[in-house]
1. DSSP loop (so not H, G, I, E, B), at most 11 other Cβ within 10 Å: list which trypsin sites (Lys or Arg not before Pro) in the stretch 95-173 pass both filters.
2. Take the alpha-carbon centre of the stretch 256-328, take the same for the stretch 133-198, and report the distance between them in whole Å.
3. So what is the calculated 222 nm ellipticity per residue for the chain, using -39500 (n - 2.57) for each DSSP H run with n of 4 or more, over all residues, to the nearest 500 deg cm²/dmol?
4. Of T332, Q211, G319, which is farthest on the positive side of the dipole of the chain, counting Cα position, with +1 on Lys and Arg Cβ, -1 on Asp and Glu Cβ, and the Cα centre as origin?
5. At q = 0.16 Å⁻¹, work out log10 I(q)/I(0) for the stretch 209-349 with the Debye formula, treating every Cα as an identical point scatterer and leaving solvent out; two decimals please.
6. Report the trypsin sites (Lys or Arg not before Pro) located in the stretch 300-356 that are in a DSSP loop and have at most 16 other Cβ atoms inside 10 Å of their Cβ, or state none.
7. Less than 20 Å apart at the alpha-carbon level, and either on another chain or at least 8 residues along: which lysines does that give for K343?
8. Give me a comma-separated list of calculated 3J(HN,Hα) values for the stretch 211-219, in order, Karplus coefficients 6.51, -1.76, 1.60 applied at θ = phi - 60°, integers in Hz, x for any Gly or Pro.
Amino acid sequence: LMSPYPPGIKLPELDKRKSCTDLWHPVFAAADAEEVGEWTIVERRDGALQWAYEEQPLYTSIKDSQPGDAVGGTRRSFGGDSPAKRVPVGPPSLHPPGFSIRSTFNGRMLATDRSASVYSFDGDTATSTACEGACLTNWEPVVAPSLAREQGEWSLFERSPGVRQWVFRGKPLYTYALDAGTWSQTGTDIPGWNNVYTQLAEPYPASFKSQPTMVGNALATAEGKSIYVYNCGEDSQDQLGCDHPDDTQVYRLAMCGAGDPERCQEHWPYVIAGADEESTGRIWRIVWIDPMTGRFAEPNQEGALRVWAYRDRPVYTFGGDTRPGDLHGGGTGEWRGQRNGLKAIMLRDDFFRGHL
């Protein structure tokens, strides 16, 4: 598992550590259940039957508190150095062949099956285009195959005899010739052009903003301080997460302050919610945290802080960032902040592809 630690080291708080099945409840199958398609049944060591999808056994997370929550896992990809992830299971997106979708902080972003970003133009409609002539030098229409058919939110626009362009939600689709890499957002620098999302993420708090940096746009406070989120996965066989206030805080305290919670608050202050601010939805919430333990606290508990949390995990600024646009805390910790450390919340990552 590429662990940086020698074998034999005991996990912290072992006497209090919950087992994998305490945190992840197996989705059991009835004795008379029948397999269908990608849905199969596996037998656990204790003889119980468990549902599996695409050969992966299924679980629910105790961190999900209401229907529709996906706090326990994510479909976002952070690279090969990340700990094992729990991925929410859902139906495939209803997009035509030739496209792909990637989960980002902004939403589910559309690209071609070769990961070339897809764009739309404000001046176009489902039956007309303003991008002609010289415009087509840099903007290439996403052409549909001859057997393509319209379905749902996907339609077709005939640009010229025999050449049909894909249209999504009333906007013809293009790729940008000057994109330097996959899943790019540089085309949005051109007025009127936008990346295309099948589903937008929940808006971030009104007191936050998109802050330009040397490597792209990071989420920042109103004062321009870059915002970071903590990532943690144990170097254990079950690879349990340790990034949530209900998890052990030993790893985080060791990383941010050598075990001293006061040093952690100095180097990695929580993002305090304003007195008049309220939770904006299910992704961005205001929670109470005991800064000396890092765990959830009761409202107005003595010494507790009222802070912003992303998917139930508190967010932070970095004491070493002194000017708007600084990202000195990005990638702090093990494996560039992916196994036990902090990464900036990048709304647009032009160069580092998630390494910050």
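What follows draws every value from the coordinates through simple rules; no lab data is involved. Owing to the predicted nature of the structure, the values given are computational and were not obtained by experimental measurement. Ideal geometry is used to build each Cβ from the backbone, glycine not excepted, and the neighbour counts take in all protein chains shown.
1. Passing sites in the stretch 95-173 are R114, R149.
2. About 41 Å separates the Cα centre of the stretch 256-328 from the one of the stretch 133-198.
3. Taking each H run of at least 4 residues, the total per residue is -1500 deg cm²/dmol.
4. Q211
5. One equal scatterer on each Cα of the stretch 209-349 leads to -0.82.
6. Answer in residue order: R353.
7. K343 reaches K85, K209, K225.
8. Ordered by residue, 3J(HN,Hα) equals 10, x, 9, 5, 10, x, 9, 10, 6 Hz.
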